[in-house]
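Structure record follows, encoded as structure tokens.
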Amino acid sequence: MDLKEKLVSSFMAFEDGLDLDHPVHEERSRAIKNFETKGFPSKKEEAWKYTSLKSLQKIDFSIFPKQESALEYKDVKKYFLHEIDTYKIVFVDGVYSSYLSETTHDGVDVCLMSSAFSKPMFQQVIEVYFNKAASKEESLTTLNTAFSKEGAYIYIPKNKMPKKPIQILHLATGNEAALMLQPRNLIVAEDNAEVQIIERHQSLTGNEVFTNSVTEIFAGKDAIVDYYKVQNDAPTASLVDNTYISQKNSSVVRVHTFSLGGKLIRNNLNFYQNGERIDSTLKGVTILGDKQHVDHHTLVHHAQPNCESHQDYKGIFGDSSTGVFNGKIIVDKIAQKTDAFQQNNNILLSDKSTINSKPQLEIFADDVKCSHGCTIGQLDEEALFYLRSRGIPKKEAKALMMYAFANNVLESVRIPELKSRINKIIAEKLGVRMGFDL
Amino acid sequence: MAYTEEELKKELETKEYEYGFYTDIESDTLPKGLNEEIVIAISKKKEEPEWMTEWRLEAFRAWKEMEEPEWANVTYKKPDFQDISYYSAPNKKPKYNSLDEVDPELLDTFKKLGISVDEQKKLAGVAVDIVMDSVSVATTFKKTLAEKGIIFCSISEAIQEHPELVKKYLGTVVPQKDNFYAALNSAVFSDGSFCYIPKGVRCPMELSTYFRINQAGTGQFERTLVIADEGSYVSYLEGCTAPMRDENQLHAAVVELIALDDAEIKYSTVQNWYPGNDEGKGGVFNFVTKRGLCEKNAKISWTQVETGSAVTWKYPSCILKGDHSIGEFYSIAVTNNFQQADTGTKMIHLGKNTKSTIISKGISAGQSQNSYRGLVQVNSRAENARNFSQCDSLLMGNRCGAHTFPYIEAKNKTAQIEHEATTSKIGEDQIFYCNQRGIDTEKAIALIVNGFSKEVLNKLPMEFAVEAQKLLEISLEGSVG
Amino acid sequence: MLEIKNLHASVEDKEILKGIDLKVNAGEVHAIMGPNGSGKSTLAEVIAGQEEFEVGEGNIFLEGEDLEELSPEERAHKGVFLSFQYPVEIPGVSVTNFMKTAINESRKAQGLEDMPANEMLKKIREKSELLEIDRKFLSRSLNEGFSGGEKKRNEIFQMAMLEPKLAILDETDSGLDIDALRIVANGVNKLRSKDNAIIVITHYQRLLDYIVPDFVHVLYNGKIVKSGTKELALELEEKGYDWLKEEAAV
């Protein structure tokens, strides 16, 4: 039985025990039908031209983990940003771990989707927001919607800001030979609210993991949302991350994606600007080796006038790794005075590495400033020579320059401890000794 | 009161097609429809050798199995391939020795088009091959060229006179089965131009072909084959017009260029097929496959000014096979009213130290859609490949669209690829500045559009550049004057 | 030459010019001074026909002809020239090509043939020497990548080429170093004649040391609050504008 059949036939079993009168039941039923019709995307589809999910579909993934696993904090501490105090929503093999988590209902709600689905006090928020930004057509998103049950639920009311940043951590223990996870996150920042979120997926063994995640983010008027995705997983972990962001007037949403590990990563990052004077920022650093594959698919839809978007993706690709960047900017007819900027710079380190870049502009308004730039190249030989002439050996000089190349994306990270953590990972990957601060 | 941009836009939309007239020449037209008999009939009418008939049939059989492609940004009513006549030749099949023998009405048509097949052009040093409704009716200056060993004739003639060259190169760059329209063209092409420049020869004049669709309900399927032998050089001009017609006319040409070691081919196109009226009715569907192959140190340069056609779909491409070979693509695409253009290029880097440059300027007005779609591919053995691409769009008004879809694929670490794209509009302040210097708004827009397109216009041979500028004005400005 | 009567102009319902009266005769140079936001540039652009401004009451006459119904290019054809405070960039259009187009459009409006190429070349050479402009500069894209000084010099070069009846120089001195200022002023002075008139709009008295005006007007809050001879400019330099503001408030 292939994965699609397995998923479709498991749907009834999945809903067994869930409240079938809940409005979400209907969403799920519609979604599974859509997935059943469309199936997994193939390379024949333009959006999946450079990324194949074929080999993943051959693996016999467990869809429901059989047993709950307990983990000691000390064993997984290093996967947390433990240097600072944070709220934590932790899942082990897709199941919420209250032992490792720290949630709150103190003025803001930082808790679980399963609670939000079942408790009446959250019902209104679920009705207004759940599945309102996520695509009802895209097959993997609807697959997730069909199986949506657990994940992080974060609700920040008007004018509020949680006391500390929030970490969402998904751990896979390897108790199953191969595990498929489908977390579903909902993040709502009402008018003038502010929140910082760090999300990470981590497999603890060499067993196969396939995560198909959907996150919906709603930013109200003047709200500020900072979302950091740390993707530094084990070489047997694959991730399809679908993030949908809906913004209202004058809101600011920044998403940083650090793709530094894992087997196959596909990021579908979609911004919908449903108001004026909105600012959207999309930044990414990708550093790959081995046979890793990362595909960044971004969409910024400018639907209203006077908005801005800034995209900056940097990639360094070694060994037999493959990078894909597909950035699309759409400017609607009425979205005059749009300022959309997109930049994608890549460095190939080996003869076997590949980069495919497809920056796209679709523009229907005439009074706009839109530009995109894409480069593929090597390190600047002159700068390299300059460093070497100052006594820095070639290998270190190269690493230093790559570090500097990737590093400027980090400038806009607003949690200093996270910034230095990412810095450290990048430095390690490039074989640069710390001891300097760029 | 002064002329507002709004008023100008209106005028643009009501602008009549300047070349919209119809020449009344008796035509010898095959019945509509397409099957093996028709393919054989075309081949027979052209008195082709058997290998050619076989080649066509092979293509036809492949075409039957193929599906018509769907494109993301182009919408149109698909042509009914059984409702097209695949052959239409002017009746008095001519073999002229001098221009005096040419049907005066035909000559008159050329005059209206501004194509002088006469002495003036001769002085300008241009040899012209005219394909009107598919058959090559006049090729001049053959003698001058023959002295240098240059062959410049219709492809039908080449099939008769130089079968060894045609056999060797036809379909080598664009195979019969390459795509739906290339297969169709291979099966039914009626005529086109053939050009061979021998080793080390620099062609002393610009070679030029004019294509024109005249007969109602016909499709034009010309086939162009240009071979530049080692160390040779040729500059080739191609112009296209079609009279006004209500029904959509189909144009599916194939152009193959072969630049052998150290050779250079410059291929310039000014395309002004009938774009349809201001309601989007009629116009030419222009589905063209153009591709060039560069051997060692060779260079192919495509320059195009696309102002016509209801739907344009073309991607002149370069296969940079030889080490140190160079590919260039310079394009201006203007769309107005309901026109749709989806054009760009493919640069396939296979050899070492290969270089490519892409400069694309898109200008959209009315309710038109203008897309750049391009591919830069660096294969794993293409050490030190370089590419620079720049795609700029200019939007006029708020009902049109400009789109950029570059595909960049690099498999070699020594590749250096740069791509830039911008979108802008004509500023009110620029218009006022020109107005203040006594230049009216219409002229100001022409001036600014010309400036915007400069880098590409500069690549055209002199006399073509003048014509291209005029075309830009016509397509965007309405009746100047 | 130019007569402005009770001119009112506004933009987006905000009145900027509140009743200007000004008479400039052929052969005269008038300076218009005033603090920032007093309406100097607006006055210049309204005379040139910028449609952004709504002209309410009042009229502008050039040689007795009311300009109200004329488009900016028609005013230019009648001899109005504005040297822009911020000259606009037009990529891909060379200075030479731009001038050729402008001159021939004006000639067309007057029923003349295009200027013959050799005559045009001669004129370009002559005028570029006058303003000490390198000929290479003329093949560059109009104002694109020009320094502040190059832009202003280019404006005066265009004035020399077009030979206007009425030239309005809007802050031509801003952004100029002393050498460039001298060259520009020298050019303007050579273009002065008994048949044309020049209006110099400036913030500082400095330019007026080089282009000596016959009359000086002070514009404040949309009105000419004081007129005088060149001594007024010196007085303004010394005392600033505050005393005039007080005077105007009385």
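The values are calculated or read from the model by the stated rules, or taken from the named source; none is laboratory data. Everything quoted here is computed from the prediction, not taken from an experiment. Don't worry about glycine lacking a Cβ; one is built from the backbone with ideal geometry, like all the others, and counts go over all protein chains shown.
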Expected single match for modelled with pLDDT under 75 and within 14 Å of another protein chain (Cβ to nearest Cβ) among B:Glu101, B:Glu70 is B:Glu70
*State whether the residues of region C:109-119 include one that is at positive phi, within 10 Å of another protein chain (Cβ to nearest Cβ), out of contact with any His (no Cβ under 9 Å at 6 or more places or on another chain) and outside any helix (DSSP H, G or I).*
no
Selection from region C:67-77 of residues surrounded by 19 or more Cβ atoms within 10 Å (Cβ to Cβ) and more than 7 Å from chain B (Cβ to nearest Cβ) yields C:Leu67, C:Leu70, C:Arg75
Condition met for A:Leu7 (of a type outside the set (Lys, Arg) and in a loop (DSSP other than H, G, I, E, B)): no
How many residues of region B:412-454 are closer than 23 Å to B:Ala385 by Cα and under 31 Å from the mean Cα position of the chain (by Cα)? The answer is 7
With respect to B:Arg437, determine if the residue is away from chain C (no Cβ under 11 Å) and without any contact (Cβ under 8 Å) to a residue 40 or more places away in the chain. no
A careful count of residues in region B:270-315 that are part of a loop (DSSP other than H, G, I, E, B) and either over 13 Å from the mean Cα position of the chain (by Cα) or free of Cβ contacts under 8 Å to residues at least 40 places away in the same chain (or both) gives 14
Of the residues in region C:1-18, those that are crowded, with 17+ Cβ neighbours inside 10 Å and either within 13 Å of C:Ile60 (Cβ to Cβ) or modelled with pLDDT of 95 or more (or both) come to C:Met1, C:Leu2, C:Ile4, C:Leu7, C:His8, C:Ala9, C:Leu17
Taking region A:247-265 and the residues there that are surrounded by fewer than 23 Cβ atoms within 10 Å (Cβ to Cβ) and outside any loop (DSSP other than H, G, I, E, B), the one that is farthest from the chain's Cα centre (by Cα) would be A:Val252
Reported set for region C:139-185 where residues are of a type in the set (S, T, N, Q), assigned to a helix (DSSP H, G or I) and surrounded by fewer than 16 Cβ atoms within 10 Å (Cβ to Cβ) is C:Ser139
Exactly one of A:Asp290, A:Asp367 is touching a Lys or Arg at 6+ places or on another chain (Cβ under 8 Å), acidic (Asp, Glu) and surrounded by fewer than 23 Cβ atoms within 10 Å (Cβ to Cβ), and that one is A:Asp367
The condition of being among the basic types (Lys, Arg), more than 17 Å from C:Val188 (Cα to Cα) and either in a helix (DSSP H, G or I) or away from chain B (no Cβ under 11 Å) (or both) holds, among C:Lys127, C:Lys123, C:Lys136, only for C:Lys136
Of the residues in region C:1-43, those that are among the small types (Gly, Ala, Ser) and farther than 25 Å from C:Trp243 by Cβ come to C:Ala9, C:Ser10, C:Ala26, C:Gly27
A:His372 vs (1) assigned to a strand (DSSP E or B); (2) out of contact with any His (no Cβ under 8 Å at 6 or more places or on another chain); (3) modelled with pLDDT under 90: all pass except (2)
When (1) of a type in the set (Asp, Glu); (2) away from chain C (no Cβ under 14 Å); (3) assigned to a helix (DSSP H, G or I) are applied to B:Glu442, the one that fails is (2)
From the option list B:Phe405, B:Phe432, single residue qualifying as assigned to a helix (DSSP H, G or I) and either within 14 Å of chain C (Cβ to nearest Cβ) or buried (at least 21 other Cβ atoms within 10 Å of the Cβ) (or both) is B:Phe432
Within region B:146-200, of all residues that are of a type in the set (A, V, I, L, M) and part of a strand (DSSP E or B), the one surrounded by the fewest Cβ atoms within 10 Å (Cβ to Cβ) is B:Ile151
Restricted to region B:325-343 and to residues being within 22 Å of B:Asn412 (Cβ to Cβ) and surrounded by 24 or more Cβ atoms within 10 Å (Cβ to Cβ), the residue farthest from the chain's Cα centre (by Cα) is B:Ser325
Per the filter on region B:257-294, residues on the phi > 0 side of the Ramachandran plot and either crowded, with 22+ Cβ neighbours inside 10 Å or in contact with a His (Cβ under 7 Å, 6 or more places away or on another chain) (or both) are B:Gly276, B:Gly283
query = Can you find a residue in region C:86-99 that is farther than 30 Å from B:Ser393 by Cα, more than 8 Å from chain B (Cβ to nearest Cβ), touching a Ser or Thr at 6+ places or on another chain (Cβ under 7 Å) and not in a strand (DSSP E or B)?
reply = no
| request: Look at A:Phe271 and say whether it is in contact with a helix residue (DSSP H, G or I) (Cβ under 7 Å, 6 or more places away or on another chain) and either modelled with pLDDT of 95 or more or closer than 23 Å to A:Phe14 by Cβ (or both). | output: no
Going through region C:30-54 in order, the residues found to be crowded, with 18+ Cβ neighbours inside 10 Å, assigned to a strand (DSSP E or B) and either of a type in the set (Gly, Ala, Ser) or within 14 Å of chain B (Cβ to nearest Cβ) (or both) are C:Ala31
Exercise. Would you check if there is a residue in region B:356-372 being within 14 Å of chain C (Cβ to nearest Cβ), touching a residue at least 24 places away in the same chain (Cβ under 8 Å), over 30 Å from A:Thr322 (Cα atoms) and buried (at least 22 other Cβ atoms within 10 Å of the Cβ)?
Key: yes
C:Glu171 passes all but one of the listed conditions (1) more than 19 Å from C:Glu45 (Cα to Cα); (2) among the acidic types (Asp, Glu); (3) more than 13 Å from chain B (Cβ to nearest Cβ); the exception is number (1)
Taking region A:211-244 and keeping only residues that are closer than 15 Å to A:Gln196 by Cβ, surrounded by 24 or more Cβ atoms within 10 Å (Cβ to Cβ) and hydrophobic (A, V, I, L, M, F, W, C), one is left with A:Ile217, A:Ala219, A:Ala223, A:Val225, A:Val230
Test C:Leu22 against the stated conditions and say whether it is outside any helix (DSSP H, G or I), of a type outside the set (Val, Ile, Thr) and farther than 23 Å from C:Tyr241 by Cβ. no
